[in-house]
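The values are calculated or read from the model by the stated rules, or taken from the named source; none is laboratory data. Computed from a prediction, not measured in an experiment: that's the story for all the values here. Glycine also receives a Cβ, built like all others from the backbone with ideal geometry; neighbour counts cover every protein chain displayed.
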Amino acid sequence: MAETVTGLLTERADDDGTAILSDQGSWTWREYLADARRTAAAVLSATDSGRPMHVGVLLGNSPQMLIALAAGALGGYVTVGVNDTRRGAELLADLRRADCQVLLVDAAHRPLLDGLDLSGITVLDVSEPEWQQRLDTAEELVPHAIPGPMDPFMLIFTSGTSGEPKPVRFAHMMIPFAGPPLVEKFGITERDVCYLSMPLFHSAALLGGYCVALASGAAMVPTPFSASTFVDDVRRYGVTYMNYVGKPLAYILATPERPDDADTTLRAAFGNEATDRDIDEFARRFDCAVWDAFGSTELAIIITREPGTPPGSIGKGFPGVAVYHPGTGVECPRAVFDEHGALANAEAATGELVNTHGGGLFTGYYNNDAATSERLRDGMYWSGDLAYVDENDWIYLAGRSGDWMRVDGENLAAGPIERVLQRLPALNRVAVYAVPDEVVGDAVMAAVVLNDDATLTPDELTEFLAAQPDLSPKAWPTHVRIADDLPTTATNKILKRTLKEQGLTTDDQLWSRPARSTSYAAV
């Protein structure tokens, strides 16, 4: 088996089996790789070899995105996965932080660049005739480099406790490492069809979907996720395998059940952060196997569910995964439960998930040695996730260390959201923090204090949030607490710990919005 993405792709250069199925048509593996080589040659013609060979992709889930991923591997340069939910200055900061010298974009995403200072970045719009001309006139591909297993295939952004996203060096070998076990577990072959609806700039789609296709020769269906069209897509393309992260199973289950839902080609679903209820219900409704696991973008912490996983647990960890106290550096005692199943020693048992064997496949953050050192210390990898472990080695997540939230399978920092809300003239003080989502993960909650004599209505808040170009849709608060005051320390710092403990239990005015809605209403 090849040890790089480049090697996996090269093995399929003469494969006439189907590689891509989409609204735009279909590609064989031979055609897919031919297009990728032309794309790589066209991109390299626009690069400066004296600068970091980093090419950003702002393309969404599309054949063009899959071609761009393969082009980076074949061209020997680093592809930067650009998060298309970022806006304004934050989006620009991501491009600068990753040292992108070229950015591939399409017509759907080009408006996100309006008003940004992109000096020093060559923008290539793959929707424009000029791009096709560049492809047609590109010379035979001469790769910039031949990558090794630990060389970066991509830079993938994740949010840290500081609130600033950090680009993770995503090594080539992570794809051939992750693919074969999933192929073997689910019996995937070249006759299967992989549904790739999770964002392809995110590691979950690469390590749960793309790797499976590359390792098996199965076809890929790149598409934005839609719960309402999911079943129709499965039938249309003959989907047999899908991956997910966060709430997609819950969204699909919220759609009306059809008598023939189980009568599809879908055989398997793999992902993380689904609830026990959703795993069981999805498997029943669609008559398929569902395997839920837990892993970080850095792939240094891997936890998988096994038969017999207790309710609420995320499973057992790979060798080296443990829970340590971040202050003492000592392993936490095992969790003890009372007769009602409640955690009796929460303070002692709860600590940070670590990999005692080191960083695993994590090769560090790009251009951020301080952040890398924070993750890798005392010979271990510290994840930033809080958890506890019972006497039988079952692991339970307990929250997040630092001021960030896990929303719909992605990390969001509170600081940037607070800075946006503070633009609203009516607000005097703002605190943003996580509360448990009713389905899985975290929901964003904001506690605000109005200026004296100021007023604010739910409709005014919606109008304000909709007008903020740098606010991601996922960052909209689900709950808003209108308080007379906020708990503070002696130094006048807001006590978010107290707010989190109170959650939705408050005598203050509380507004909430339903999932997928932008309208707030008093609770």
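Structure values in brief
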item: Residue in the stretch 11-24 that is in contact with a His (Cβ under 7 Å, 6 or more places away or on another chain), under 18 Å from Val126 (Cβ atoms) and in the same structural domain as Met154 (by TED's automatic domain parsing) present; result: no
item: Residues that are farther than 15 Å from Ile301 by Cα and buried (at least 22 other Cβ atoms within 10 Å of the Cβ), drawn from the stretch 174-186; result: Ile175, Gly179, Leu182
item: Failed condition for Ala227, given (1) surrounded by fewer than 20 Cβ atoms within 10 Å (Cβ to Cβ); (2) in the same structural domain as Asn83 (by TED's automatic domain parsing); (3) hydrophobic (A, V, I, L, M, F, W, C); result: (2)
item: Any hit, the stretch 323-339, residues being within 24 Å of the chain's Cα centre (by Cα), crowded, with 20+ Cβ neighbours inside 10 Å and in contact (Cβ under 8 Å) with a residue 60 or more places away in the chain; result: yes
item: Strands (runs of 3 or more DSSP E) contained in the stretch 1-95 and holding at least 2 residues in contact with a Phe, Trp or Tyr (Cβ under 6 Å, 6 or more places away or on another chain); result: 18-22
item: All helices (runs of 4 or more DSSP H) inside the stretch 412-523 with 1 or more residues being surrounded by fewer than 12 Cβ atoms within 10 Å (Cβ to Cβ); result: 458-466, 496-502
item: Residue list for the stretch 390-411, restricted to those being assigned to a strand (DSSP E or B) and either modelled with pLDDT of 80 or more or within 15 Å of Lys496 (Cβ to Cβ) (or both); result: Ile395, Tyr396, Gly399, Arg400, Trp404, Met405, Val407
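Table: residues versus (1) of a type in the set (A, V, I, L, M, F, W, C); (2) under 30 Å from Gly360 (Cβ atoms); (3) outside the structural domain of Thr85 (by TED's automatic domain parsing).
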residue	(1), (2), (3)
Ala107	yes, no, no
Arg110	no, no, no
Ser119	no, no, no
Trp131	yes, no, no
Val142	yes, no, no
Ile146	yes, yes, no
Pro149	no, yes, no
Pro165	no, yes, no
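Yes/no matrix, rows are residues, columns are (1) closer than 20 Å to Ser49 by Cβ; (2) hydrophobic (A, V, I, L, M, F, W, C); (3) not in a loop (DSSP other than H, G, I, E, B):
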residue: Ala107; (1), (2), (3): no, yes, no
residue: Leu116; (1), (2), (3): no, yes, no
residue: Ser127; (1), (2), (3): no, no, no
residue: Trp131; (1), (2), (3): no, yes, yes
residue: Glu140; (1), (2), (3): yes, no, no
